[in-house]
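Below is one structure, written out as structure tokens; the observations come after it.
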Amino acid sequence: MPASSILGAYVIDTTSIISSIKLKDSVLSNQTSLMMLGSYFDPVFGPTKASIYTQLVLPGNTIDWQFNNTGISSIGINFDSVVLVLPFNPGISYYGALSPQTFTVDTIERVNNVGLVLNHSYYSDTNVSHGNNHIGITTIIPDPIDSFHSKYGINNVTTYPPAIRIRLNRSFGEWLIKEDSMSSSQSYFSTGYSFQTLLEGFYISVSDPLQLPGQGGIMYVNPYTSGAGLVFYYRVGGDSIVQTFQMGSNCAYYDHFDHDFSKTAFYAGTKDSVLAPYTTYIQSLGGVKTQLSFPFLSNWKHLGPILVNKAEVDVPVNVSATGVDIPPPQAYLVRDSAGVESALIDENEGTTYYGGAYDATNHQYVFNIDRYIQYVLNGKILNTGLYLISGSNAVSANGAVLYGAAKKTTNPRIRLKIYYTPLQH
């Protein structure tokens, strides 16, 4: 209820809060709407690196596919090139800057004949075995603006959306075509699964060890864009052919994120949890998050039973310290039990009431968590505190510097405002 509509209620905004930060985290990052790729030396959060593990499927996701589909086995295949195409997401296409980056491609290795599994839960700190002899490497300044025009064959000009294009080794392309032409391994191209036993997929990463603060960027890749995947250019007889082994649908994939906090203001050696009374943080891509503890909520029981009309958490953002990009558009307060995050019951009331959207006018996040507070006071759930995390954690790279919960004359602070009505006097 709006505060002006609450009759016979009391309000208190001096509830003690302890703010701290947690440095090590991971997020569920498989089958997301976007892939993250690149490295960025954030002036606030230090170096961040995003890599991709992904499978591919046969062109058109068909069965019994062949490079030479003419039906005339005597016609040879003249291979020209093979390129890995990673289209930018339209609209918001990157975070950071468009500095030169070195992109690398390696093949994923199956272990005990097991590779990536579709719809399996992969977290952003998961590693999968892969080769180290790059089958593709290129250093470019990513260009999310200009389309790519390809002319292959007579009068065959095709326009593709902006993308990162990594030409792979010729020997790799020739090997894959050779495997198709060998009768003993024809079954590799019979289904998507059998193809993945031959080529499990790619580990796509970056190598930019000399970046300085403000250099690099995290690219937002849309794997569902037409043309995304492994593109072969070859000729059969007089025909010039372009075939794409697709990524996205029907492929297992996930992102891997690495963070180096050693160059940040909040680094505290081997500690992964640090008290942050005056300045705290949230960061996407499984980066740093804020923990809020309410150590004296249990003291409310001395007032007898009360009805919590409204409980509002105000989280002010230090926009002058956040950096060149806007804070995450949405943040969430979540419970944490044994490392597993869960939504508050208040979130089920709907985003508009629950809040969490960034208020660019007042530079803050506001949450309504009255049901959570009521449950704590009634003893229905334990008072273990909450975590403040970035929304769209696996598909954006935004971060924000926040004011902490401790009192400081010159700065705002994180507050919990509770409007309540005593049920007995």
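The values are calculated or read from the model by the stated rules, or taken from the named source; none is laboratory data. What you are looking at is a predicted structure, and each value in this text was computed from that prediction instead of being measured. When we count neighbours, we look across all protein chains shown, and the Cβ atoms used for this are built from the backbone with ideal geometry, even at glycine. Side chains are part of the model used for accessible areas, which takes the heavy atoms of the whole protein and leaves out ligands, DNA and RNA. Shrake-Rupley method; radii C 1.70, N 1.55, O 1.52, S 1.80 Å.
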Item checked: List His130, His256, His120, ordered by accessible area with a 1.4 Å probe, largest first -> His120, His130, His256
Check: Of Ser73, Ser273, Ser99, which has the most accessible area with a 1.4 Å probe, and how do the rest follow in descending order?
Finding: Ser73, Ser273, Ser99
Check: Among Asn89, Asn299, Asn133, whose mean-square fluctuation peaks in a Gaussian network model of the chain (Cα, cutoff 10 Å)?
Finding: Asn299
Next item on the list: For Lys24 and Ser293, compute 0.36 nm times the residue count separating them, minus their Cα-Cα distance, and round to one decimal in nm.
Entry: 95.0 nm
Item checked: Extreme residue, positive dipole direction of the chain, given options Ser187, Thr264, Met35 (C-beta unit charges) -> Thr264
Next item on the list: Sort Tyr354, Tyr203, Tyr332 from largest to smallest accessible area, using a 1.4 Å probe on the heavy atoms of the protein chains.
Entry: Tyr332, Tyr203, Tyr354
Item checked: Residue with peak Gaussian network fluctuation, the chain [Cα springs, cutoff 10 Å], from Leu402, Leu210, Leu297 -> Leu210
Notebook entry, point to check: In Å², what does the accessible area per residue of segment 81-155 work out to with a 1.4 Å probe?
Noted result: 55
Notebook entry, point to check: Magnitude of the Cβ-charge dipole of the chain, K/R +1 and D/E -1, about the Cα centre, nearest 20 debye?
Noted result: 940
Margin query: Compute the helix-to-body angle for 170-181: its Cα long axis versus the longest principal axis of the chain, expressed 0 to 90° and rounded to tens.
Written below: 70
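Just add up the charged neighbours of Asn132: K/R +1, D/E -1, any other residue whose Cβ is under 14 Å from the Cβ of Asn132.
On the way: positive: none; negative: Asp106, Glu109.
The answer is -2.
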Note to self: Which one, Thr290, Thr70, Thr138, has the greatest fluctuation when you compute a Gaussian network model over the chain with C-alpha springs under 10 angstrom?
What the structure shows: Thr70
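Quick one: with all protein chains in place, what share of the accessible area of segment 12-160 is carbon or sulfur, to the nearest percent (1.4 Å probe)? Write down the numbers at each step before the final one.
Working: 3630 of 7140 Å².
Summing carbon and sulfur atoms, their accessible area is 51 percent of the total for segment 12-160.
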Checklist line | Per-residue [θ]222 nm for the chain (sum of -39500 (n - 2.57) over DSSP H runs n ≥ 4, rounded to 500) | finding: -2000 deg cm²/dmol
Notebook entry, point to check: Roughly how many percent of the accessible protein surface of segment 192-260 is carbon and sulfur, given a 1.4 Å probe and a whole-percent answer?
Noted result: 47
